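Below: the structure, in structure tokens.
What follows is calculated from the coordinates using simple rules that are stated; it is not laboratory data. Here the structure is a predicted model, which means the values were calculated and not measured. Glycine also receives a Cβ, built like all others from the backbone with ideal geometry; neighbour counts cover every protein chain displayed.
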Amino acid sequence: MKYIFYIIGILLLTLGIACTIQSDLGTSPFDAVLVGLASNVGLTVGSWEVIVALLLIGCNSFLIRQKPEVLGLVTAIITGIGIDLWLFVLSNLLIVESVQGQAIYFGVGLFLIGVGTATYLHTNFAPIPVDRLTLILKDITKTNLFVGRTLIYLLFLVVALLLGGPIGIGTILTVCFAGLLLNIFMNPIAKAIDRVIVPPVTSNQ
């Protein structure tokens with residue numbers, strides 16, 4: 001059952017990422033790096049998701065002094081495919097031309113990213129390397145997911161600016177609120193999933 005929630009989480013996450021990209025208001029710093037690489041070097045956004053994941057797996061391994069968590073590459077591959085698939089679907093399904101439409105697209109995307117990430121992370125199965133880095137920084141700084149996610153976004157923001165990625169008001173909102181939303185969603189989603197996976201035991205007495 002947990003693998004069903006894992007897939008649901010990835011589908012929601014990648015749909016959210018595609019929505020923020022299509023909104024044209026600016027994406028998360030990490031996704032801006034991927035779009036910047038795709039625009040300047042070639043390949044698809046999803047392909048760069050996998051390539052950057054390989055680099056982050058090495059980084060994470062160094063930080064925690066353990067063997068590389070290669071299984072995270074599986075999630076990165078599924079995520080990359082999901083991003084490219086949703087971008088294809090959305091680009092052919094709905095073209096946003098008004099500022100209001102862009103804002104709705106972005107708001108929905110940010111919400112889905114938070115819900116999707118919280119959902120698949122709670123299954124504790126092969127986190128995407130960038131999300132694994134969030135958890136590592138949370139432990140290193142002895143704080144919470146908001147701090148870990150914000151630190152990562154600030155780092156990738158610098159890289160995205162150098163690559164000319166899609167930086168805008170949406171990027172600033174993501175840096176300010178994405179980590180907060182993830183921190184808010186984690187507990188209620190975890191409780192909801194646990195109730196489904198492990199139903200409460202009823203007494204016969």
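Here are the numbers for the structure shown:
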{"item": "Within the chain, longest stretch free of exposed trypsin sites (Lys or Arg not before Pro) [DSSP loop, at most 12 other beta carbons within 10 Å]", "result": "66-141"}
{"item": "Rg in Å to one decimal, and Dmax rounded to a whole Å, for the stretch 37-90 via C-alpha atoms", "result": "12.7, 41"}
{"item": "Most fluctuating residue given options 183, 92, 144, as computed from a GNM of the chain linking Cα atoms under 10 Å", "result": "92"}
{"item": "When the convex hull of its Cα atoms is projected in every direction, mean area for the chain (nm²)", "result": "13.3"}
{"item": "Highest-fluctuation residue, 76, 192, 18 considered, GNM on the chain with Cα pairs under 10 Å", "result": "192"}
{"item": "Once the Cα gyration tensor of the stretch 19-109 is diagonalised, semi-axes √(5λ) in Å", "result": "29, 13, 12"}
{"item": "Dipole of the stretch 73-205, positive end: most advanced residue of 108, 93, 175 [Cβ charges, Cα centre]", "result": "175"}
{"item": "Max mean-square fluctuation residue, GNM over the chain, Cα-Cα springs under 10 Å, options 181, 85, 94", "result": "94"}
{"item": "In degrees, nearest ten, helix 129-141 long axis to first principal axis of the chain (Cα)", "result": "70"}
{"item": "Rg(Cα)/(2.2 N^0.38 Å) for the stretch 95-156, N = residue count", "result": "1.37"}
{"item": "Span from the the stretch 6-34 Cα centroid across to the the stretch 144-178 one, whole angstrom", "result": "13"}
{"item": "Stretch gain in nm, segment residue 104-residue 187, where the contour uses 0.36 nm per residue and the Cα spacing is subtracted", "result": "27.3 nm"}
{"item": "Potential extension, residue 154-residue 3 segment - 0.36 nm per residue separation minus Cα distance", "result": "51.2 nm"}
{"item": "Restricting the stretch 39-146 to GluC sites (Glu not before Pro) in coil, as DSSP defines it, with at most 14 other Cβ within 10 Å", "result": "97"}
{"item": "Per-selection metrics, the stretch 137-193 (Cα): Rg and Dmax in Å", "result": "13.2, 41"}
{"item": "Simple Cβ-charge dipole of the chain, Lys/Arg +1 and Asp/Glu -1, about Cα centre, in debye nearest 20", "result": "660"}
{"item": "0 to 90° range, to nearest 10: angle between helix 145-163 axis and the chain longest Cα axis", "result": "20"}
{"item": "Calculated over the stretch 87-205: convex hull of Cα atoms, volume per residue (Å³)", "result": "167"}
{"item": "Farthest toward positive dipole pole in the chain [+1 Lys/Arg, -1 Asp/Glu at C-beta], among 63, 11, 76", "result": "63"}
{"item": "222 nm mean residue ellipticity, helices alone, for the chain (DSSP H n ≥ 4; -39,500 (n - 2.57); rounded to 500)", "result": "-27000 deg cm²/dmol"}
